[in-house]
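Q: Structure in C-alpha cells, see below.
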Amino acid sequence: MAQHIRVCIVGTAWGHNLGTMIRRAAPNCEIFVCGRDSDKTTRVAKALGASGTFQSLDEVMADSKVQGVVLALPHHLHRRAAEESLKAGKHVFVEKPMTTSLADADAMIATAARAGRTLMVSDNLHCQPAIIETRRRLENGSLGRPLHLLANSFGLHQPEQGWRMRQGEMGGGLLMDAGVRPIRAMRLLLGEPESVFAVRGPQVNAAMEGEDNVHVIFSGEPGWKAHVLLSWAARRGNLPEYVLLTEKASLHMWMNAGHMDVYPAAPGGMARAVSHVRPYWLKDRLSRPWMERTRVRLTTTDVSGHSQQMKEFLTAIESGSASHESAQQGRRDLEIILQAYRSMEIGSPVAARSQQLAGISR
C-alpha cells in the first residue's frame, strides 16, 4: 500500500483496535487519531505510531491531508459523522451497524454517491478464511444442501455507564450492537432469510435499557433454518461461533482460529465398527467426539479477516473508488435487525424484508 495514504481514526475506544488492523494491513499508511479526551487520544496515537491528533471532527474535515476517515463512534452518531466526512471529500469506513434507521442508511448512501467517495461498512466475515472455505465447498456441491445454521455471540459484558446503557443511542440493545456479525454469516452461507422471529431473553443487566439476551430464528428457501443466540451474560468457552449442518456434513467454525472442523454425516468405517461393540458401556467408552473429524487448516496469517477488510478500504482510497456495495450490504443487515425488533415487539414472526423503503427507526 502506498505510503501517501492518510487516514484519521475518529474514536479512541474501539478505534484503537481498528488502528491496529490498519497497521497490519498497511504498515506505511499514515494514521491520525481524533478524540475528545486529549490525554487518551495522545496515548492511542502514540501506541499506533500516529502522525498527529485532532480533537474535533471539524478539524479533521478542514485538513486536506486526510483522505479517509474510520468512524468508531456510538451508533447514533454514525450518520452525521459519515455525511460530514463525505461532503468534505473523505472516503468513509464506518463500524457496524452502519446506523440505527433505514432512513439514516439511505441518506448516507445517497451522500456518498453525490460525493463520489467510497462508503464502506465494517464487514470482516466475507474475508474470514473459514467462511470463504465453507462457501467454496457449498458452491462446488461437496456439502450438499445446507439445512441449519447455529450461530452465537456470548461474552461477559455488563456496561455500567455510557452510551451502551441508553436504548436511544444504541438503537436498541445487544441485537443492534452484535447482531450484524451472525446475520452476515447467515447471508453469506445460506442466502437471504424470508422470515424472522426474535425473543428477548431474561434481562441480567437491569440498568441497561436495551436487551442483553436475545434469541432469533430465521427461515429461508428452500427450507433452511438459522438460530442466533446472543448474550452478554455468559462465557462461550470453546463453542464454535458457527455450526453449519448440511446434507453431507457438519462444519464447526471459529472466527479467530487457524482451522475449522468437518464431520461427515455418513459414518465411516471406524464409527460403524464401534457402533457394533457390546456391551453398550464399552461402546460409549470407545466413542469419541472427534471420531472421523477432519481438521481443515486455514493457510492464512489473517484468521479474522479484519486486516483484509482494511486493505479493501485503503485500496479504495488509493484508487479513488466510489464503491457503495459494502454500504448496501450494511443497510440490508440493518433492515433484518430492525425487522427482528419488530418481531420482538409483536411476539410473532415477520417478513425479513421491510415493507417500507426508508424511515424505519428504533
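Q: Of (1) 1.01; (2) 0.93; (3) 1.07, which is the value of Cα Rg over 2.2 N^0.38 Å derived from the coordinates here?
A: Correct label, based on the coordinates given: (3).
Q: Please report how far the C-alpha centroid of segment 312-330 lies from that of segment 213-256, rounded to the nearest whole angstrom.
A: 29 Å
Q: Right, here's the next one. Give the calculated FRET efficiency between residue 235 and residue 4 to the nearest 0.05, with a Förster radius of 56 Å applied to their Cβ-Cβ distance.
A: 0.80
Q: Which length gain, in nm to one decimal place, applies between residue 20 and residue 192 when the Cα-Cα distance is subtracted from 0.36 nm times their residue separation?
A: Contour length minus the Cα-Cα distance gives 58.7 nm.
Q: To make sure I understand the rule: partners must be lysines, Cα under 24 Å from the Cα of residue 248, and not fewer than 8 residues away in the same chain. Which ones qualify?
A: Result set, ordered by chain and number: 225.
Q: Only bridges whose two residues both fall in the chain count here: according to DSSP, what percent of them are antiparallel, nearest 5?
A: 60 percent
Q: Among 155-162, 8-15, what's the highest-first ranking by average C-beta atoms within 10 angstrom per residue?
A: 8-15, 155-162
Q: Taking θ = phi - 60°, what integer Hz values does the Karplus form 6.51 cos²θ - 1.76 cosθ + 1.60 yield along segment 243-260, in sequence order, with x for Gly and Pro?
A: 10, 9, 9, 10, 4, 10, 6, 10, 10, 10, 10, 10, 7, 10, 10, x, 8, 9
Q: Positive end of the charge dipole of segment 126-297 (Lys, Arg +1 and Asp, Glu -1 on Cβ, about the Cα centre): tell me which of 183, 238, 270 has its Cα farthest that way.
A: With unit charges placed on the Cβ atoms, the residue in question is 270.
Q: For the chain, what's the relative contact order in percent, using C-alpha pairs closer than 8 Å and at least 6 residues apart?
A: 20 percent
Q: For an R0 of 22 angstrom, estimate the FRET efficiency from the Cβ-Cβ distance between residue 353 and residue 147 and round to the nearest 0.05.
A: Working from the Cβ atoms, E equals 0.45.
Q: What dipole magnitude, in Debye to the nearest 20, does segment 213-305 give about its Cα centre under +1 on Lys/Arg Cβ and -1 on Asp/Glu Cβ?
A: With Lys and Arg at +1 and Asp and Glu at -1, about 480 debye.
Q: Determine which lysines satisfy two conditions relative to residue 65: a Cα distance under 21 Å, and not lying fewer than 8 residues away in the same chain.
A: Candidates past the 8-residue exclusion: 46, 87, 90, 311.
Q: Put a dot 7 Å past each Cα toward the Cβ at residue 103 and residue 39; how far apart are the dots in nm?
A: 4.0 nm
Q: Can you grab the distance from the C-alpha centre of segment 286-303 to the C-alpha centre of segment 48-90, Å, no decimals?
A: Between the Cα centres of segment 286-303 and segment 48-90 lies a distance of 42 Å.
Q: Now for a separate question. At 7 Å along the Cα-to-beta-carbon direction for both residue 139 and residue 46, put a label point, then send me their distance in nm to one decimal.
A: Each label point lies 7 Å from its Cα, and together they span 4.7 nm.
Q: Under a point-charge model restricted to the Cβ atoms of Lys and Arg (+1) and Asp and Glu (-1), what is the dipole moment magnitude of segment 126-297 relative to its Cα centre, in debye to the nearest 20?
A: I would put it at about 900 debye.
Q: Here is a further query. So how strong a dipole does the chain carry about its Cα centre when Lys and Arg Cβ are +1 and Asp and Glu Cβ are -1, to the nearest 20 debye?
A: The calculated dipole for the chain is roughly 1120 debye.
Q: Between residue 325 and residue 271, what FRET efficiency follows from the Cβ-Cβ distance if R0 is 56 Å, with the result rounded to 0.05?
A: Efficiency, from the Cβ-Cβ distance: 0.80.
Q: Shifting gears a bit: With an 8 Å Cα cut-off and a minimum separation of 6 or more residues, compute the relative contact order for segment 126-297 in percent.
A: 25 percent
Q: Would you look at the GNM of the chain, springs on alpha carbons closer than 10 Å, and say which of 183, 346, 131 moves the most?
A: 346
Q: Just from its helices, what would the mean residue ellipticity at 222 nm be for the chain, if runs of 4 or more DSSP H residues each count -39500 (n - 2.57) and the sum is divided by every residue, rounded to the nearest 500 deg cm²/dmol?
A: When only DSSP H runs of four or more count, the value is -11000 deg cm²/dmol.
Any read-out appearing in this document is the output of simple, stated calculations on the displayed coordinates, not a laboratory observation. Computed from a predicted structure; not experimentally measured. As a convention, Cβ positions derive from the backbone with ideal geometry for all residues, glycine included, and neighbour counts pool all protein chains shown.
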